[in-house]
Amino acid sequence: MTVNLSKGQAVSLQKSDGGTLTAVRMGLGWQAAPRRGLFGRRTQEIDLDASAVLFAGQQPVDVVFFRHLVSDDGSVRHTGDNLVGGAGQGGDDEAILVDLQRVPVHIDQIVFTVNSFTGQTFAEVQNAFCRLVDETNGQELARYTLTGGGGHTAQIMAKVHRQGEGWQMTALGTEANGRTFQDLMPSITPLL
């Protein structure tokens, strides 16, 4: 059963049978919103990018994004860059896989971001979502929907962080501006 997350809501990443999750996928999907043009409705291609920034305390120690597809330790992997979206409420356009058992013990938080590399605002995007899936069985655990569009070009979607012996996910939904994860670092730091 999927939990639809609202901004700031946290969910424990435990399996329904009480076991601990070992591998999760953070999926991102979106569609370009149709715009009225001189010759009717049309859409413009929008390149959203998913990134995962790995933190040890307050310090970023690694990042996984379209130009660095695998973390240095191999525990986090990006499936590749999608330049136009299109899945919307269906499947994932981009995904980041996290092997929670392989994440080094000094990494205590992984922050997932989405940014518009082509510079369009989220007002020009529709059906955008971020979801967390149990990679071992494909079960969707949590979904965060980008709602309301807006004049921002990025969103700090969620973070997965250590909670005791397990992991917890918190939906952040913080608006930001920037074309890359580097542009978002000043907005990420206060959310750690």
Members of the stretch 151-186 found to be assigned to a helix (DSSP H, G or I) and crowded, with 19+ Cβ neighbours inside 10 Å, listed by number: 181, 184
Qualifying residue in the stretch 121-141 (condition: open to solvent by 40 Å² or more (accessible area, probe 1.4 Å), assigned to a strand (DSSP E or B), closer than 23 Å to residue 70 by Cβ and at pLDDT 80 or above): no
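What tally of residues in the stretch 64-96 results from selecting those that are in contact with a Ser or Thr (Cβ under 7 Å, 6 or more places away or on another chain), open to solvent by 20 Å² or more (accessible area, probe 1.4 Å) and modelled with pLDDT of 95 or more?
0
The values are calculated or read from the model by the stated rules, or taken from the named source; none is laboratory data. As the structure is a computational prediction, the values presented were derived from the model and not from experiment. For neighbour counting, all protein chains shown are included, and Cβ atoms are generated from backbone atoms with ideal geometry for every residue, glycine included. The area values use the complete protein model at the heavy-atom level, side chains included, leaving out ligands, DNA and RNA. Shrake-Rupley method; radii C 1.70, N 1.55, O 1.52, S 1.80 Å.
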